[in-house]
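Bear in mind that the values in this text are calculations on the coordinates, not laboratory data. No experiment lies behind these values; they were computed from the predicted model shown. Backbone-built Cβ (ideal geometry, glycine too); neighbour counts: all protein chains shown.
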């Protein structure tokens with residue numbers, strides 16, 4: 001049963017992210033999983049400070065802030081990268097690993113430099129995404145997706161964004177995310193798994209607080 005504010009069963013969601021790369025991926029994955037209409041974050045709504053200690057806390061901060069600001073259900077996510085040899089770093093700080101305002105290249109360079117300092121052959125890592133929809137009435141839908149992989153010795157590929165040029169997911173035949181087509185990446189990625197699970201939960205939403213997980 002669709003919520004009462006969704007005419008014709010199509011749920012209208014405002015995107016919490018203003019990152020065009022993330023927005024494009026979320027749109028591609030979520031609209032293929034469930035009937036939704038996605039609305040860009042209004043320009044006059046400021047960035048939300050990610051002060052949470054967990055991915056869930058940060059996703060909730062962003063989703064609730066946009067729901068309160070717009071009166072619409074809002075969709076947000078937060079992603080972390082855990083590298084075993086670095087004790088789980090960068091973790092929830094993945095997007096800011098090289099500092100506030102860091103570029104994708106800055107973060108990748110720092111990650112490779114830190115692994116070079118540690119040395120050894122352990123390159124195991126995993127991405128996790130928590131995706132969330134917050135409704136204006138305070139209810140929410142949460143889903144999680146993860147993917148195991150390794151960190152490549154150097155950046156490879158031209159597609160994707162973030163750490164895609166150095167993350168080699170299991171099942172990729174040795175390719176980084178940046179060496180895959182979008183469809184190939186979405187099939188394996190943490191964000192693909194999280195938002196497909198979120199879409200399934202939204203499609204079957206009948207109660208106030210459903211949740212779902214799609215993980216390896």
Legend entry - From the C-alpha gyration tensor of segment 106-193, square roots of 5λ in Å: 27, 16, 12
Inset, instruction - Return P(r) of segment 9-71 (all Cα-Cα pairs; 10 Å bins starting at 0; whole %; ordered from short to long distances). - result: 20, 51, 28, 1
Legend entry - Distance histogram in 10 Å bins (all Cα pairs of segment 48-113, percent per bin): 21, 42, 27, 9, 1
Inset, instruction - Round to the nearest 10 and give me the degree value, 0 to 90, for the angle of helix 55-70's Cα axis relative to the longest principal axis of the chain. - result: 40
Inset, instruction - Run through the DSSP bridge list for the chain and note the antiparallel percent, rounded to the nearest 5. - result: 70
Inset, instruction - Tell me the label-point distance for the pair residue 54, residue 118, using the 7 Å Cα-to-Cβ offset, in nm and rounded to one decimal. - result: 2.3
Inset, instruction - On a 0 to 90° scale, report how tilted helix 104-118 is relative to the longest principal axis of the chain, with both axes built from alpha carbons and the result rounded to the nearest 10. - result: 40
Legend entry - the chain: calculated mean residue ellipticity at 222 nm from DSSP helix runs of at least 4, using -39500 (n - 2.57): -9500 deg cm²/dmol
Inset, instruction - At q = 0.19, 0.21, 0.24 Å⁻¹, what is the base-10 log of I(q)/I(0) for segment 118-163 according to the Debye formula with one equal point scatterer per Cα and no solvent? Please give it to two decimals. - result: -0.79, -0.86, -0.98
Legend entry - Cα-only Debye scattering, segment 39-82: base-10 log of I(q)/I(0) at q = 0.24 Å⁻¹: -0.82
Inset, instruction - Please report, to one decimal in angstroms, the Kirkwood hydrodynamic radius of the chain built from all distinct Cα-Cα pairs. - result: 17.6
